[in-house]
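Enquirer: I'd like to ask you about the structure that follows.
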Amino acid sequence: MNLYGVKAIYLFEMARAWRTLLQSVASPVISTSLYFIVFGSAIGSRMAQVDGVSYGAFIVPGLVMLSLLTQSISNASFGIYFPKFVGTIYEILSAPVSPFEIVAGYVGAAASKSIILGAIILATARLFVTFEIAHPLWMVAFLVLTAVTFSLFGFIIGIWADNFEKLQLVPLLIVTPLTFLGGSFYSIHMLSPLWQKVTLFNPVVYLISGFRWSFYGVSDVGVGISLGMTLVFLGICLGLVWWIFRSGYRLKA
């Protein structure tokens, strides 16, 4: 295990985040604050409780997960795409670091940035609503597991993309809509029976449901199912990353 190689990649990616604080931290926090103002204060004051939780507090896990998913994908995809774009990826591939160490450096940095951002958003949410965390250890576990899983997914997107447009295609057209339709701002039990069944095909539902359960002990689907679906998606991403390095897909001429 070349820890020096992993550390070099990790610290380089983390340093890039500190150089772009407005884009990496300030922008997602301001966007999330606006959601709290619009949905939590304006709309929440006119809505009854959802599953016994005030609406302002109910949307906290969904908003954290929304930022976590989008930022994990964005950080990881850009982190590996930029070396491809400028050509330094060949230096990394020829260096004495294994594919596992390369992935650990890039994905670890992307997940770390997302987890830090999630913690900042949770702290910001305290300024708008009062909420409790019923299962803090499970909350941290879901936070870390989701950040790592979607950072791996972002890493795959960064390898697949061959231009900046494709880099933003999946997060904007697929992940963000699925997150909005995955129960970020509502419980799927509020939908008609038909749409409840359709929504269960949305994988983000399980992530948000499990994360919300760690806060309030209520969920749209069983917490065991949520955890299992997250682990399945993690396994799929690991398998795809393994295949990419084994085949050299878009890494080697």
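The values are calculated or read from the model by the stated rules, or taken from the named source; none is laboratory data. Just so it is clear, the structure is predicted and the values come from calculations on it, not from any experiment. Cβ coordinates were reconstructed from backbone atoms using ideal geometry, including for glycine residues, and neighbour counts include every protein chain displayed. These accessible areas exclude ligands, DNA and RNA; they are computed on the full protein's heavy atoms, side chains included. Shrake-Rupley method; radii C 1.70, N 1.55, O 1.52, S 1.80 Å.
Enquirer: How much mean residue ellipticity at 222 nm does the chain get from its helices, if each DSSP H run of length 4 or more adds -39500 (n - 2.57) and you divide by all residues, to the nearest 500 deg cm²/dmol?
Expert: Calculated mean residue ellipticity at 222 nm is -22000 deg cm²/dmol.
Enquirer: Moving on. With a Förster radius of 25 Å, plug the Cβ-Cβ distance of ASP162 and SER94 into 1/(1 + (r/R0)^6) and report the FRET value to the nearest 0.05.
Expert: Details: r = 21 Å, r/R0 = 0.85.
E(calc), rounded to 0.05, equals 0.75.
Enquirer: Need the list of lysines near LYS252 for cross-linking: C-alpha distance under 19 angstrom, and skip anything on the same chain fewer than eight residues off.
Expert: Once the sequence-local lysines are set aside, what remains near LYS252 is LYS84.
Enquirer: Leaving out same-chain residues fewer than 8 places away, which lysines sit with a Cα under 16 Å from that of LYS113?
Expert: The qualifying lysines are LYS7.
Enquirer: GNM on the chain, C-alpha springs below 10 Å: top fluctuator among LEU143, LEU66, LEU173?
Expert: LEU173
Enquirer: Name the residue, out of LYS84, LYS113, LYS166, whose mean-square fluctuation peaks in a Gaussian network model built on the chain with Cα pairs under 10 Å.
Expert: Comparing LYS84, LYS113, LYS166 in a Gaussian network model of the chain, the most mobile one is LYS166.
Enquirer: Provide the per residue accessible area, probe 1.4 Å, for segment 87-126, rounded to a whole number of square angstrom.
Expert: Details: 1610 Å² over 40 residues.
Accessible area per residue: 40 Å².
Enquirer: One quarter of the convex hull surface, Cα atoms only: what value does that give for the chain in nm²? Please report the intermediate quantities before stating the final value.
Expert: On the way: hull surface 55.7 nm².
Projected over every direction and averaged, the Cα hull of the chain covers 13.9 nm².
Enquirer: Then there is this: Dividing the Cα radius of gyration by the Kirkwood radius, what Rg/Rh value follows for segment 167-253? It would help to have the intermediate numbers written out before the result.
Expert: Values: Rg = 15.9 Å, Rh = 14.6 Å.
Taking Rg over the Kirkwood Rh, I get 1.09.
Enquirer: Just to verify a number: what accessible area does TRP195 come out at with the full protein assembly present, 1.4 Å probe, Å² rounded to tens?
Expert: Its heavy atoms expose roughly 150 Å² to the probe.
Enquirer: Something else: I'd like the Karplus ³J(HN,Hα) series for segment 115-128: coefficients 6.51, -1.76, 1.60, θ = phi - 60°, whole numbers in Hz, and an x wherever there's a Gly or Pro.
Expert: With coefficients 6.51, -1.76 and 1.60, one gets 5, 4, 5, x, 5, 5, 5, 4, 5, 5, 4, 4, 6, 10 Hz.
Enquirer: Using the Cα centre of the chain as origin and beta-carbon charges of +1 (Lys, Arg) and -1 (Asp, Glu), tell me which of ALA111, ILE92, GLY158 is placed farthest towards the positive end of the dipole.
Expert: ILE92
Enquirer: Could you please tell me the mean projected area of the C-alpha convex hull for segment 83-214, averaged over all directions and given in square nanometres to one decimal? Numbers along the way, then the final one.
Expert: Working: hull surface 41.2 nm².
Average projection, Cα convex hull of segment 83-214: 10.3 nm².
Enquirer: Please give the charge dipole size of the chain, origin at the Cα centre, charges +1 on K and R Cβ atoms and -1 on D and E Cβ atoms. Round to the nearest 20 debye.
Expert: Details: 13 positive and 8 negative charges, 52 e Å.
In total the dipole reaches around 260 debye.
Enquirer: Looking only at ASN202, ASN163, ASN75, which one moves most when the chain is put into a Gaussian network model with springs between Cα atoms under 10 Å?
Expert: ASN163
Enquirer: Roughly how big is segment 10-156's charge dipole about its Cα centre, with Cβ charges of +1 (Lys, Arg) and -1 (Asp, Glu), in debye to the nearest 20?
Expert: Numbers: 6 positive and 5 negative charges, 58 e Å.
That gives a dipole near 280 debye.
Enquirer: Determine ³J(HN,Hα), in whole Hz, for all residues of segment 164-170 in sequence, where each value follows from phi through the Karplus function 6.51 cos²θ - 1.76 cosθ + 1.60 and θ = phi - 60°; x replaces Gly and Pro.
Expert: 5, 5, 5, 4, 9, 5, 5
Enquirer: When the accessible area of segment 51-142 is computed with all protein chains present and a 1.4 Å probe, what percentage of it is carbon and sulfur? Present the calculation step by step, with values, prior to reporting the outcome.
Expert: Values: 2450 of 3570 Å².
That fraction is 69 percent.
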